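Heads up, the thing below is written out as C-alpha cells.
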Amino acid sequence: MQSVTVNNLVFDEYLSKEEIATLVAQVAERINTDYAGREPLFVCVLNGAFMYASDLLKHITLPAEITFVRLKSYEGTATTGKVNMLIPLQVPIQDRDIIIVEDIVDTGLTMHGFIQYLKEEGARSVELTSFLFKPDALQYPDATPKYIGKSIPTAFVVGYGLDYDEKGRNLESLYVLKK
Ligand code: IMP
C-alpha cells in the first residue's frame, strides 16, 4: 500500500485518483438528472473543496454557475444560524437553486450554520454535495449531504483538497491516518 508523510504523520492510501474520478462522475450524473431544466449556483467552500469542485463541475452539463466562500464556524453562533464568512458570498442568491460543494462533512457544524444562512438570505432551494461524509461523527442531521462521493468511518484523512495543518491538499489520492 502506498503511504505518504504529511507534517511527520504517516497516512496510507485510501482512495486512488481513479476511484475518486469514478465517484465524482457518479455524483455529477445524479445532479445533472435532478437539476434538469434548472440553472443551479454551485457554492464551493474553500479551501478544502477546491479540487472536488473543479472535478465535479467538469462533469456538470447544466447551465451552471459557481462561486466561492470561505467559512469559519463557532459552536455558539452556528446554532443560531450565523456563520463567519472569511470570504463572503459575491453573488445574490435570492430565488437561486444553491448546491453547496464541500470536501467533507464531519460533525456537520459548519454546514448546519451555512445552510440556515442561505435559506434566510432567500435561496429558492439549498442542497449539499460533499465528497466525503463521516456519518458516525454527525451531530447536526440537517447537514447530511444529499449527494455524497463516499461515506467513510470516523478517521482523519488528507489529500484531494483536504489538509493536515494546511499540508497535503495537493495530493491527488486520498489518504487515511495510519493507526
Ligand atoms: P464539521 O463542521 O465538523 O462538519 O467539519 C467540517 C470541516 O472540518 C471540513 O470542511 C474540514 O475542513 C474539516 N475536517 C473534518 N474532518 C477532516 C479530515 O478527516 N481531514 C481534514 N479535514 C477535516
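Couple of notes before you dig in:
- Apart from one condition, ILE98 fits all of (1) surrounded by 21 or more Cβ atoms within 10 Å (Cβ to Cβ); (2) closer than 22 Å to GLU19 by Cβ; the exception is (2).
- Residue tally, condition under 18 Å from PHE42 (Cβ atoms) and in contact (Cβ under 8 Å) with a residue 40 or more places away in the chain, over region 90-129: 16
- Only one of the numbered conditions (1) modelled with pLDDT of 95 or more; (2) not in a helix (DSSP H, G or I) is violated by ASP55, and that is (2).
- Pairs, first under 20 Å from ILE98 (Cβ atoms) in region 10-39, second open to solvent by 90 Å² or more (accessible area, probe 1.4 Å), C-beta under 7 Å, six or more apart: ASN32/THR61
- Against the list (1) touching a residue at least 40 places away in the same chain (Cβ under 8 Å); (2) surrounded by 18 or more Cβ atoms within 10 Å (Cβ to Cβ); (3) more than 11 Å from the ligand (Cβ to nearest atom), the condition PRO145 fails is (3).
- Selection within region 151-164: residues that are open to solvent by less than 70 Å² (accessible area, probe 1.4 Å) and within 11 Å of VAL105 (Cα to Cα). The member of this set that is nearest to the ligand (Cβ to nearest atom) is ILE152.
The values are calculated or read from the model by the stated rules, or taken from the named source; none is laboratory data. Computed from a prediction, not measured in an experiment: that's the story for all the values here. Here the Cβ is made from the backbone with ideal geometry for all residues, glycine too, and neighbour counts use every protein chain on show. Protein only, heavy atoms only, side chains kept; ligands, DNA and RNA dropped before computing areas. Shrake-Rupley method; radii C 1.70, N 1.55, O 1.52, S 1.80 Å.
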